[in-house]
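In what follows, a single structure is set out as structure tokens and then discussed.
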Amino acid sequence: MILSIAPVMDRVGFKAVDFITGMHMAVSVRWHKENPWEKIRLACKAMPRTPLSFGGTGIRFMGWKRVPESVMALAMERIIASGIRRVWMLEPSYDVDLIFQQAKLAKAAGAEELVVALSYTISPVHTDEYYAQKAREIAASPDVDGMYIKDQGGLLTVDRVRTLVPALQQSINGLPLELHSHCNTGLAPLVYLEGIQLGIRTVHTAISPLANGTSQPSTENILRNARRLGYSANLDEEALEAMAAHFRYVAEREGRPMGAPVEHDVYYYEHQVPGGMMTTLKRQLSEVKMEHRLEEVLEEVIRVRRELGYPIMVTPFSQFVGSQATMNVVSGERYKTVPTQVIEYVAGYYGKPPAPIDQNILDKISSLPQAKNILNTEHPEPSIEELRRKVGLGLSDEEFLIRLALPDKDVEDMLAAGPIKTQYP
């Protein structure tokens, strides 16, 4: 689907194309039976003018679990060697030391541009001053080339943009600031236009068949409206139109819904569940025949997030909070069952929570039998050599990284599927 239109996409003139993340790589193996390393190489070759981006979280690769620094270093080296030129780094706990460390790894591997996400959320903690201070600290790294406001929940309003954007611009030592929002609440197109008028020169959009809904504002709409406001962008609109036509055709052929605007929903500002996580919650509830309890789960999400110290509702924290809330509702007893990742979050594996964890909840989780080892053990940092002895000797770096993250059966099925198909009918 991508390769058939990639040369046209390359002519559009995008600053970059957001191409893949570690989790996308896992999906590529598990569900599409495609080698993600080959997928990167093919796409980069087909779009030589346009930098393709990898979205990294700093301490995870192809899964929810934290991985050793040695693994992240090798993964980043292979990602850049495969053709990725731009790295977006999301560190949702804002551990500045970790951001510096991972930024250095990406630049050492040869990344041309490293842009750090400032994930946006609403809580008593996450004020303009909070974000300005974090941006100021991150801007001190010589390896950081820019930052972007990442509004994964579509929570930004025009009024908040008017205070947040100037606060950040004054704190980042002249680094470029980009804007990334989702259309969950219907406000993202307005937010983008306000951001542009405040001096932002790069916004993250989606081609119209894949825009709106829980996705980004459409490229065509933002371009048209920005021009009305007196701005310009050097995009090849004929190529842009061909790209839209291709993906519209794909959607029709595959029976997929077209992107469409949604009505404003103020409830998003309370539960803050991102679009992808909302889909997961609905699926989890349908599997236990409890779809009718979605409203209860969303109310529990609000409560769990507050108790866990207001983590930003972005991967992986949104999954942790959503899973815990679902278990609390389904089991009928709060925190009777606690996922391993939530225990690791409480143990500090993912950085320091923005606010203190509720002491009663902390005590309850700490008393669970499975929590004892996690809470009293430092996160291991084995070398690649030690891990190779565990996973298998004689593997290429790329196969080793896949096998380290995924079950052997998934990898064997991918290898048996043969080469990636490069043409779409």
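What follows is calculated from the coordinates using simple rules that are stated; it is not laboratory data. Worth saying up front: this structure is predicted, and the values here are computed from it rather than measured. Cβ sites come from the backbone with ideal geometry, for glycine too, and all protein chains shown count toward neighbours.
For the reader, a short list of remarks on this structure follows.
- Out-of-range pairs (alpha-carbon distance over 25 Å; input LYS107/LYS134; LYS104/LYS421; LYS15/LYS352): LYS104/LYS421; LYS15/LYS352
- For PRO68, the shell of other residues with beta-carbons less than 13 Å away shows a net charge of 0, using +1 for Lys and Arg and -1 for Asp and Glu.
- Calculated FRET efficiency for the pair LEU235/GLN197, C-beta based, R₀ 22 Å, to 0.05: 0.70
- Taking Cα centre as origin and charging only the Cβ of basic (Lys, Arg, +1) and acidic (Asp, Glu, -1) residues, the dipole magnitude of the chain rounds to 380 debye.
- Cα centroid separation - segment 365-386 against segment 396-425, whole Å: 30 Å
- Placing a label point 7 Å from the Cα of GLU112 along the Cα-to-Cβ direction, the residues of segment 7-39 whose backbone N falls under 15 Å from that point are 10-19.
- In range of the label at ARG85: residues from segment 32-55 whose backbone nitrogen is under 18 Å from the point 7 Å along Cα→Cβ: 40-55
- Neighbour net charge for GLY153 - beta-carbon separation under 12 angstrom, K R +1, D E -1: -1
- The alpha-carbon positions of segment 7-107 define a convex hull whose volume is 102 Å³ per residue.
- Inter-part distance where segment 248-295 and segment 139-198 are each reduced to a Cα centre, Å: 25 Å
- DSSP-defined beta bridges in segment 6-254 - what % are antiparallel, rounded to 5: 5 percent
- Alpha carbon centroid spacing (whole Å) that separates segment 32-56 from segment 74-118: 16 Å
- Bridging of LYS33 to aspartates and glutamates at a Cα separation below 12 Å is possible for ASP410, GLU412, ASP413, once same-chain residues fewer than 8 apart are set aside.
- Whole-Hz couplings from phi, Karplus 6.51/-1.76/1.60, listed for segment 159-171; x for Gly and Pro: 4, 6, 4, 5, 9, 6, 4, x, 4, 6, 4, 7, 10
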